[in-house]
Amino acid sequence: MTWFRAPSDGDPGTLNACYDALDIHVVRGRADDVALSLDGTERSFAWLLTEVAACAGVLRAFGVGLGDQVALGAVPRETGVLVVLAAARVGAVVQHDDSPGAEGKIVVRSTDDGVVFSVDADAVPWDVAMRAGRTDPAGCADVPGDAVLARHAGDTLTVLDAVGASDDHEPVAPRGATLVEVGGVTLWSFGAPQA
């Protein structure tokens, strides 16, 4: 775990789960190593970092920042991992919620036409948004050490739990989820597998 600002008396410090999952591995020369093996597809740290930074750029362009909620429906698992890491990159909280009334500053869900980013009444297709995100990828925000990374129903995954630095417990998958590990960071995955 890499602290951006170490904790001190009454200060939880700052860090970034996405930085620990991806950036630090690329910086340390592991860009081409496998970071994620999911549904029969392997992705390198460099590929994931490029896609996650682009997705984070999309979130930032829609005004998502530190502490904002991103609702994430049942999307393909790889897409879900990208969104969770992108939200972590900008310091947002992912609310895993596939209900029609899911609320967040932005909602990412599958439709009959594919995955979309929904803001207010507008739905932007994944591919269109990601092309824009690639032109202005987002860097890592300073996230308080005691911040929440993800929620589902009554379950909460903190940043410290995800990076394996919590004294309380190891991450546990809520009902219906699996644990996915990327660069030593543990995330929840609720998405449907790729067809």
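Here are some notes:
- Some residue of the range 127-139 being without any contact (Cβ under 8 Å) to a residue 40 or more places away in the chain and either β-branched (Val, Ile, Thr) or closer than 17 Å to residue 80 by Cα (or both): yes
- Residue match in the range 90-99 (condition: in contact (Cβ under 8 Å) with a residue 60 or more places away in the chain, of a type in the set (S, T, N, Q) and over 21 Å from residue 160 (Cβ atoms)): no
- In the range 103-144, residue modelled with the highest pLDDT [restricted to those that are hydroxyl-bearing (Ser, Thr, Tyr) and open to solvent by 40 Å² or more (accessible area, probe 1.4 Å)]: 135
- Cβ-Cβ contacts under 9 Å between residues 6 or more apart (or on different chains), taken from a first residue in the range 141-159 that is within 10 Å of residue 88 (Cα to Cα) to a second residue that is open to solvent by 40 Å² or more (accessible area, probe 1.4 Å) and hydroxyl-bearing (Ser, Thr, Tyr), are listed as 148/156; 149/156; 150/156.
Listed here are the residues, each with its yes/no results for (1) closer than 22 Å to residue 116 by Cα; (2) open to solvent by less than 10 Å² (accessible area, probe 1.4 Å); (3) among the polar types (S, T, N, Q); (4) within 12 Å of the chain's Cα centre (by Cα).
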{"residue": "8", "(1), (2), (3), (4)": "no, no, yes, no"}
{"residue": "11", "(1), (2), (3), (4)": "no, no, no, no"}
{"residue": "37", "(1), (2), (3), (4)": "no, no, yes, no"}
{"residue": "45", "(1), (2), (3), (4)": "no, yes, no, no"}
{"residue": "65", "(1), (2), (3), (4)": "yes, no, no, no"}
{"residue": "75", "(1), (2), (3), (4)": "yes, yes, no, no"}
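- Residue within the range 34-44 that is at negative phi, assigned to a helix (DSSP H, G or I) and touching a Gly at 6+ places or on another chain (Cβ under 7 Å) present: no
- Among the residues of this structure, residue 177 counts as one that is at pLDDT below 95, open to solvent by less than 40 Å² (accessible area, probe 1.4 Å) and either farther than 19 Å from residue 22 by Cα or of a type in the set (A, V, I, L, M) (or both).
The values are calculated or read from the model by the stated rules, or taken from the named source; none is laboratory data. Small disclaimer: the values here were computed from a predicted structure and weren't measured. All Cβ positions, glycine included, derive from the backbone under ideal geometry; neighbour counts span all protein chains shown. Only protein heavy atoms, including side chains, enter the accessible area calculation; ligands, DNA and RNA are left aside. Shrake-Rupley method; radii C 1.70, N 1.55, O 1.52, S 1.80 Å.
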